[in-house]
Every structure is written in C-alpha cells, then in structure tokens.
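The next block holds one structure in the form of structure tokens; read it before the comments.
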Amino acid sequence: MASKTRDTEELFGFEMSPKVVTWAKALGFHAVLWSLVFVVLMPVLWMIVVSLNQVAFDTFIENPGVWLDGASLDAYRRMLYETNFITWFGNSVIVTVSSTVLSIIVCTFGAYSIGRLRFKGRKAVATFLLLTQMFPLILVAVPLFLIFRDIGLFNSLIGLTIAYVAFVLPFSIWMLRGFYENLPEALEEAAMIDGSTRIGAVVRVIVPLSSPAIATTAIFAWIFAWNEFVMALILINDDAKTTLPPGLSSWIGQYSLQWDLLMAGALGATLPLFIILFFLQKYIINGLAEGAVKT
Amino acid sequence: MSRSTSATGGITIPEEYQYWLSKESLWGWLFLLPTLAALALISVVPILRGIALSFYEYGGLEEDVFIGLENYARVFALPDFWVVMKNTFVWSFTAVVLMAMVGLGFAILLNRDFKGRSIATTLLLLPWTIPFIAVALNWTLLFNYELGMFNGLLEVFGIQGVAWLGRSRYALFSVTMAYVWRNFPFFMITFLAAMKGIPQDLYEAAKVDGSTRLDLFRHITLPFLQPIGIVTTLLMSLWTLNHFTLVFVMTSGGPGNSSMVLPVYIYRQAFIQNNFGVAAAIAVVMLVIMLGYGMVYLRLYEDEVGGK
C-alpha cells in the first residue's frame, strides 16, 4: 500500500489515500471500457437508427428530433410484404437447421473415434482433417458446381445442406476431439461391461457428458451455415430457392438508395444469431476454452 | 486379442492381422465412415476435378480439350493476377494482425473482476454474431460518401470526407476495417479462454518478487497465450484467405482491381468470364499457397501446437 501512495505522489504531486486511488482507478477503467464498447457497437446502433428512418449522420447528430419525428417501421413492412425476404429467411432456416443437426450427429461419432479410440490411421485422419482447412473454398466450389449440375443437386437446398455439413465437419471434429481426449478413461468401458454396445455407450454415456462441447460445435455449424455466401451463390440459381446472404446482396443494386430497407434486411438476417448469442454465450466461451484451446 | 482368436474357431491368426480384427479399430473406422464419405464427396472429388480442370480448355456443352499447362501460362501472363496476389497478401496480413491486436487488447481489459463484466463480454462478442452479408450492407452505408458515419464524423472535425469504397487508394483498407470489426471477437474469446487457464498464484508469486505489470504480462501472460494464439492465427489466416462476402458485396473487387482478392477473382473468371480452366488454374495456385503456408506454419510451431 505504501508504494501505491508513493506512485500517486510521483504522478500527481500530492498524496492520495489508498481508497481514493482504488476508486479513481476503477472509475478510469470503467470509463475506458464502456466508451470502447460504445465505439464497437456504433455500427450496429447506426444500423438500427437508419432502418427506422433514413438519415445522414451529421443531420442526426445536429438534430435527432427530426429523425425521431420521421421514425417508423415502414422499412420492415416493405421488407416483409414487398420483397422475397421471408422466402430467403425460410430457406436459410431450412439449410442451417438441417446442416447443423446432421453435422452434430456425424461429428460426434467422428470426434469420438479420433479422440478416444486407439487404432492405426487415426493420426492420419486427424492430419487430413487439418489439411482440409487449407483447401481454398473456391477451389471446391467451382468443380462442385459442375458435379452438382451433372448429378442433379444443382439448385437444390439438399445439395447445399450436404455441402455445408462437409464443410463444418473438420473444424467441429477438431474442436470436439480435444474435449473427448480430456474425459476420464474407461468411462464407456464401464457402460459396456453393463451390457451396452459401443454405440449405446457413446449415446448414453459420452453424449450427455459432452453436451456442452456439442452445443459449442452446433453453434459454430449454425454460424457457418447462416453466413455462407459463395456456395449458395454458385450452387443455387433460382431466386425463390436462395438463402439470405446472396438474396440480400442482390438488393444492393436493386434498392441502392433505400438504405432503410437495406438496414432492415441486415438486421432481420442478424436476429437469429443475436438470439443464439444471448442464450448460449457461455457455450461459446467455455467450449473454446475446453476444446479448441487444447489442440 | 484373445477374444478375436477364439471367435475364429481356434484358427490362429497371425499377430499382424489380429490388430485389424480388433473391435477398437473396426469401430474407429465405422464411426469415421460418414465423415470420410462426406469429405470425399464434397472436398476430395471436387478438388481432384478442379485440378484436372486446370489442364483442360473448358468446352461448356462440348468436350473439354486437354491443353497441358496452357491455363497456367495464361494465368501468369495476366497482369491482373499479380495485383490480385498482392492485394490478397496485404489484406490477409493486415486483417489478421489487426484482429489479433484488438482481440488481445479487449481480452486484457475483460480479464479481471468487475461489475458488468459478463455484459461487456456479450456486447463485445456481438459483432462476431452478425452475418457477413449484414456487415457488408452495414459498412457500405458507414462508408457512404453522403450518408455515412465516417464522413459524418470527419465533418464534425471540419475534415472533408472521401468516397471510401470508390477510391482505389482506400477501398481494400475499408473492407479490411469492416472485416476486423466483425472478427476481432474470435481472437478476444480465445485469448480470454486461455487467460482463464493461467494459475493465479504465478502472478502472486511474481508480484512478491517485485515484478511490474509489464513484466507479468510479458513473462507469464504472453507465454501462456502463445499456443492458442498460434492455432487461432493459423485458422484465422486460412479463413481470411478464403473470405469472399465482404469484398464481393462492398466493392466487387473495384474500383478497377484495387480491392480484388483471389476468391472473388476466381469466381469472376469462372462465372462471369466463363473461363473455368483459368479459374481452376488460379484456384490450384491458391491451394499450393495455402497448403504451403499451413505446412510451414505448423512445422515452425510444431511444439506449441502439440505435435499430435
């Protein structure tokens, strides 16, 4: 404590009581932190402001009242009734939900195999999974377009779903594997002695234990599928079958001056992920701590 | 082992084959089967097809014609190609370095006990949950010449604004800013997760020894963050090299080719110019770069990554 008082004396030229120092430090910290948070969130706030009433930034700063007078939900009404937004949203939900569910099932068993079973070729597969992360997505996408066209998966949400499952698998398995390696040994052996088969042991013992980690991989799969742009752009050709990202990007040319509508669309596309963040945040943070960190 | 011999009815199986009949290996491959099938269909086959395509003149409805290395010769002769390569490198490098720095800064701020910590973490994570398409629309507006926030802020200080996305000097940098804003939270949470794993008594002991805050950071925090930092940097560089949406939506690579990066360039070669052969050749060059980068990176940091 004595040294702290000396610090402030050197800094400010007079002595402060330790209590005041702690208090001033906390105040300074909170001031810095929360103004940074505000700066980071400004783009989002601005998105909300413009979606309610299109306004120039300097006009808004000088006279927010003008903005408030004209604020309405008209852009959202136009988005819902005069555009394809709802169709695209529905397609995005279909592809995202089905690819997330499928990838969780496939990745649980894959990660279990690499993380807990000892067999030849295990390391090779793990290395291969890491390698696939180094494949350029676009190198896959261009030939995939030709292949899907030939086998009739072009322009279909099923084809897109299969592609998304395959794309998230390597990262999901890599993350979940770390978690499985840290589970105590002989967990499933105990269950198998009780008469369960290997699959039964995985489903009844390993899956419940690893549900937080599985939730994390599910969130990543969800975020990937909801965001994915190139594949949807290349593999879907029909406006009624496309997902939100390519759909909304077509608005830039079409409604280039209707920023309120563009921002309403952007917020509409963001909503499902906001909801996920607020309810499942701890799984993102803890999951990364337990899985991905321990590679 | 003994069980597998008895199951075959007393016939002795040579030692080296017994392994392959063991249950663990059978289950291992069985559980991996769906994964490997999906990857074969969606990754391996298309990549092989892509590599093959790079040696052919794409004929559309007609037969493709084998032309050897002609596509590669065309690619390296394209003046655009080298501009795009430079842009891709500049964009990935700047973005990753900035994201890591901003992410680390916020992780340090959040890694202490204070009221409102979880709210602050949630709010700072928020950009990462915004889909890239929404980020692209949002930041196109922020960079807008007349309505945009940045020019509005500059005007407050009496500085004349610029057309951020319309000037070749600023376009790529503007897109980079949007990307960094969207993705720094990923670095932030991974660093934060790693910081939670540092034993607090290490700090206490060092403080007793009279270490300064900076010493603590350099000698305790940083070494603990290194392994996760290395993995995150590798993943993030690969993801950034692959990134398509922001460039495609905000600038389409323009003005001219000033903000063009490889994925968008390849897409345009294939689907706008209908040049599938050339597009495949550029994509193969990109594969070589990414594999090379990944391998060298992993080799350099083998120990930190765990060497598994």
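Observations on the structure shown:
- Remark: A:VAL93 falls outside the filter, which requires a residue to be at pLDDT below 90 and not charged (D, E, K, R).
- Close Cβ contacts (under 6 Å, 6 or more residues apart or on different chains) running from residues in segment A:179-202 that are of a type outside the set (Val, Ile, Thr) to residues that are outside any helix (DSSP H, G or I) and at pLDDT 70 or above comprise A:PHE179/A:SER210.
- Lone unmet requirement of (1) open to solvent by less than 20 Å² (accessible area, probe 1.4 Å); (2) over 29 Å from A:LEU130 (Cβ atoms); (3) modelled with pLDDT under 85; (4) under 14 Å from the mean Cα position of the chain (by Cα) for A:GLY200: (4)
- As a summary of the residue check, A:VAL55 satisfies the conditions (1) assigned to a helix (DSSP H, G or I); (2) closer than 30 Å to B:LEU123 by Cβ; (3) of a type in the set (A, V, I, L, M); (4) more than 7 Å from chain B (Cβ to nearest Cβ) except for the one numbered (1).
- The set of residues in segment A:109-125 that are open to solvent by less than 20 Å² (accessible area, probe 1.4 Å), part of a helix (DSSP H, G or I) and at the interface with chain B (Cβ under 7 Å from one of its Cβ atoms) comprises A:GLY110, A:TYR112, A:SER113, A:VAL125.
- Filtered by the rule that a residue be open to solvent by less than 10 Å² (accessible area, probe 1.4 Å) and in contact with a Leu (Cβ under 8 Å, 6 or more places away or on another chain), segment B:248-260 gives a lone residue, B:SER259.
- Answer from B:TYR297, B:TYR301, B:TYR267 - the residue that is facing another protein chain (nearest Cβ under 7 Å) and hydroxyl-bearing (Ser, Thr, Tyr): B:TYR267
- Tallying residues that are more than 7 Å from chain A (Cβ to nearest Cβ) and at pLDDT below 90 within segment B:131-152 yields 4.
- Filter pass, B:SER168 being in contact (Cβ under 8 Å) with a residue 40 or more places away in the chain, touching a Ser or Thr at 6+ places or on another chain (Cβ under 8 Å), open to solvent by 60 Å² or more (accessible area, probe 1.4 Å) and not β-branched (Val, Ile, Thr): yes
- Test result for A:PHE128, at the interface with chain B (Cβ under 7 Å from one of its Cβ atoms), among the hydrophobic types (A, V, I, L, M, F, W, C) and open to solvent by 30 Å² or more (accessible area, probe 1.4 Å): no
- Residues satisfying the stated conditions in segment A:131-159, i.e. touching a residue at least 40 places away in the same chain (Cβ under 8 Å), within 10 Å of another protein chain (Cβ to nearest Cβ) and open to solvent by 40 Å² or more (accessible area, probe 1.4 Å): none
- Residue pairs whose Cβ atoms lie under 8 Å apart, separated by 6 or more positions or on different chains, with the first residue in segment B:227-242 and free of Cβ contacts under 8 Å to residues at least 60 places away in the same chain and the second open to solvent by less than 20 Å² (accessible area, probe 1.4 Å) and not in a helix (DSSP H, G or I), are B:LEU238/A:MET134; B:ASN242/A:PRO136.
- All positions within segment B:100-118 that are within 16 Å of A:ASN286 (Cα to Cα) and open to solvent by 30 Å² or more (accessible area, probe 1.4 Å): B:ASN111, B:ARG117, B:SER118
- The criterion of being open to solvent by 10 Å² or more (accessible area, probe 1.4 Å) and over 28 Å from A:LEU248 (Cα atoms) holds for B:VAL288.
- Qualifying residue in segment A:53-64 (condition: touching a Phe, Trp or Tyr at 6+ places or on another chain (Cβ under 6 Å) and open to solvent by 50 Å² or more (accessible area, probe 1.4 Å)): yes
- Only listed residue being in the same structural domain as A:MET231 (by TED's automatic domain parsing), touching a helix residue (DSSP H, G or I) at 6+ places or on another chain (Cβ under 6 Å) and in a helix (DSSP H, G or I), chosen from A:LEU144, A:LEU130, A:LEU153: A:LEU144
- Qualifying residues in segment B:133-147 (those that are surrounded by fewer than 24 Cβ atoms within 10 Å (Cβ to Cβ) and touching a Phe, Trp or Tyr at 6+ places or on another chain (Cβ under 7 Å)) - the one nearest to A:VAL44 (Cα to Cα): B:LEU141
- Out of A:ALA215, A:ALA166, sole residue that is of a type in the set (Gly, Ala, Ser) and either without any contact (Cβ under 8 Å) to a residue 60 or more places away in the chain or out of contact with any Phe, Trp or Tyr (no Cβ under 7 Å at 6 or more places or on another chain) (or both): A:ALA166
The values are calculated or read from the model by the stated rules, or taken from the named source; none is laboratory data. None of the values given here were measured: they were computed from a predicted structure. As a convention, Cβ positions derive from the backbone with ideal geometry for all residues, glycine included, and neighbour counts pool all protein chains shown. Each accessible area value is taken on the protein alone, full model and side chains, heavy atoms only, with ligands, DNA and RNA left out. Shrake-Rupley method; radii C 1.70, N 1.55, O 1.52, S 1.80 Å.
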